[in-house]
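Okay, structure first, notes after.
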Amino acid sequence: MKEFNHIPVLFNETIDALNIRPDGIYVDCTAGGGGHSAAVLEKLTTGKLIAIDQDPDAIATLEKRFAGNDNVIIVHDNFVNIENILSNLGIIGVDGVMADLGVSSHQLDTDERGFSFHKDAPLDMRMSQSGLGARDLVNNASQQELQRIIYTYGEEKFAPSIARNIVKAREESPIETTFQLVDIIKASMPMKAKRDGHPARKTFQALRIEVNGELDKLDKALDSMFNALNPDGRLAIITFHSLEDRIVKKRFNTFCEGCICPPEFPVCVCGRKPRGRLPFKSVAPKAGEVDENFRAHSARLRAIEKI
């Protein structure tokens, strides 16, 4: 197995946002190669870290990296199940939760995982390495469904022609590889559009999000993550595109919302109180970090503290 290397984005900012206590309990929902986890563990004395990842490659790396460390519990699962994970461990509340969303450097750089449009490989894109992959999706979904996925999750304006050409191509023979799909996408766009970044970027993002159910799982998990926090505990999320960031921003604002009575009411009757506060609005990577790691360019960090 290729070593699970991942370049963490907004690294120091995320660790600072968690406001770590040496005796606290923390959850890394996307532990990956263990970069953020290691930084949390360095600050713990009697505290505990629960390191979660759905990728078996990540779990193997974490078990090797943290072998013999009694402060860490490694869990092979998806963070959408955080409530059950903590319940099974007998943990009632935690002092911090973090998630670094999206695809990891390791997943992008491991050719056979089929995440990258820069390398020819079998179409896959499964973070968990189980279930249906991108190959199943492009060869079996209807033209209407493919168009919806590519437009909604990729915000790709050429979704209609891309979906139409995918269906047309698979009638001749199945679409098996990343470069087969890239060629179909390129043929579906005018020359001018191909100059604005890689033509396959938005479609690959859309298929990856659909294959892994990323936005649905994030939407479901945010309530569980926040509910798991002890008072003064913090939740820190790194997003990599506007769709993720919108979900996180909206939910954090909901957690911070107080009275929702109509303005004409003389007194509050709903009794609703803010459940959280924002220590800062959002943090973007500095220019130097983007220069060193281009994948950081779209990243945003948001955090919320439970009241």
Looking at Ile209, is it under 26 Å from Ser298 (Cα atoms) and among the β-branched types (Val, Ile, Thr)?
yes
Note on Glu63: of the conditions (1) in a strand (DSSP E or B); (2) surrounded by fewer than 18 Cβ atoms within 10 Å (Cβ to Cβ), unmet is (1)
Thr61 fails exactly one of the following numbered conditions: (1) more than 20 Å from Gly131 (Cα to Cα); (2) touching a Lys or Arg at 6+ places or on another chain (Cβ under 7 Å); (3) among the β-branched types (Val, Ile, Thr). What is the number of that condition?
(2)
Can you tell me how many residues within the range 26-44 are on the phi > 0 side of the Ramachandran plot and either of a type in the set (Lys, Arg) or free of Cβ contacts under 8 Å to residues at least 12 places away in the same chain (or both)?
0
Failed condition for Asp16, given (1) under 25 Å from Arg113 (Cβ atoms); (2) part of a helix (DSSP H, G or I), with all others met?
(1)
Complete set of residues in the range 207-261 that are at negative phi, modelled with pLDDT of 95 or more, open to solvent by 40 Å² or more (accessible area, probe 1.4 Å) and outside any helix (DSSP H, G or I)
Asn230, Pro231, Glu257
Pull up the range 165-202, narrow it to residues that are more than 30 Å from the chain's Cα centre (by Cα) and modelled with pLDDT under 95, then point me to the one that is nearest to Ile149 (Cα to Cα).
Pro190
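Pick from Ile74, Ile82: which is part of a helix (DSSP H, G or I) and closer than 22 Å to Gly233 by Cβ? Please lay out each step first, then the result.
Numbers: Ile74 fails: part of a helix (DSSP H, G or I).
None of the others qualify; the one that does is Ile82.
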Of the residues in the range 94-126, those that are part of a strand (DSSP E or B) and under 14 Å from the mean Cα position of the chain (by Cα) come to Val97, Met98, Ala99, Asp100
Give all pairs with beta carbons closer than 7 Å in which a residue from the range 112-131 that is closer than 13 Å to Thr177 by Cβ meets a residue that is open to solvent by 60 Å² or more (accessible area, probe 1.4 Å) and assigned to a loop (DSSP other than H, G, I, E, B); count only pairs at least 6 apart in sequence or on separate chains.
Pro122/Glu176; Leu123/Glu176
Would you mind stating whether Arg295 is more than 18 Å from Ile238 (Cα to Cα) and open to solvent by 70 Å² or more (accessible area, probe 1.4 Å)?
no
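Per-residue answers, yes or no, for (1) open to solvent by 70 Å² or more (accessible area, probe 1.4 Å); (2) on the phi > 0 side of the Ramachandran plot; (3) in contact with a Ser or Thr (Cβ under 7 Å, 6 or more places away or on another chain):
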position: Asp70; (1), (2), (3): yes, no, no
position: Asn84; (1), (2), (3): yes, no, no
position: Asp95; (1), (2), (3): no, no, no
position: Lys119; (1), (2), (3): no, no, yes
position: Ser142; (1), (2), (3): no, no, no
position: Lys157; (1), (2), (3): yes, no, no
Mind counting the residues in the range 262-283 that are part of a loop (DSSP other than H, G, I, E, B), hydrophobic (A, V, I, L, M, F, W, C) and within 19 Å of Glu305 (Cα to Cα)?
2
Which of the residues that make up the range 186-206 are assigned to a helix (DSSP H, G or I) and open to solvent by 50 Å² or more (accessible area, probe 1.4 Å)?
Lys186, Ala187, Met191, Lys192, Lys194, Arg201, Lys202
Which condition number does Ile82 fail, the rest of (1) out of contact with any Cys (no Cβ under 9 Å at 6 or more places or on another chain); (2) more than 22 Å from Ala284 (Cα to Cα) being met?
(1)
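Quick check on this structure: which one of Leu278, Leu301 is more than 30 Å from Ala141 (Cβ to Cβ) and either open to solvent by 60 Å² or more (accessible area, probe 1.4 Å) or over 15 Å from the mean Cα position of the chain (by Cα) (or both)?
Selected residue: Leu278, the only one of Leu278, Leu301 that is more than 30 Å from Ala141 (Cβ to Cβ) and either open to solvent by 60 Å² or more (accessible area, probe 1.4 Å) or over 15 Å from the mean Cα position of the chain (by Cα) (or both).
Of all residues in the range 30-60, which are assigned to a helix (DSSP H, G or I) and surrounded by 24 or more Cβ atoms within 10 Å (Cβ to Cβ)?
Selection gives His36, Ser37, Val40, Ala58.
The values are calculated or read from the model by the stated rules, or taken from the named source; none is laboratory data. Everything numeric here is computed off the predicted structure, so don't read it as measured data. Cβ sites come from the backbone with ideal geometry, for glycine too, and all protein chains shown count toward neighbours. Heavy atoms of the whole protein, side chains included, go into the accessibility calculation; ligands, DNA and RNA do not. Shrake-Rupley method; radii C 1.70, N 1.55, O 1.52, S 1.80 Å.
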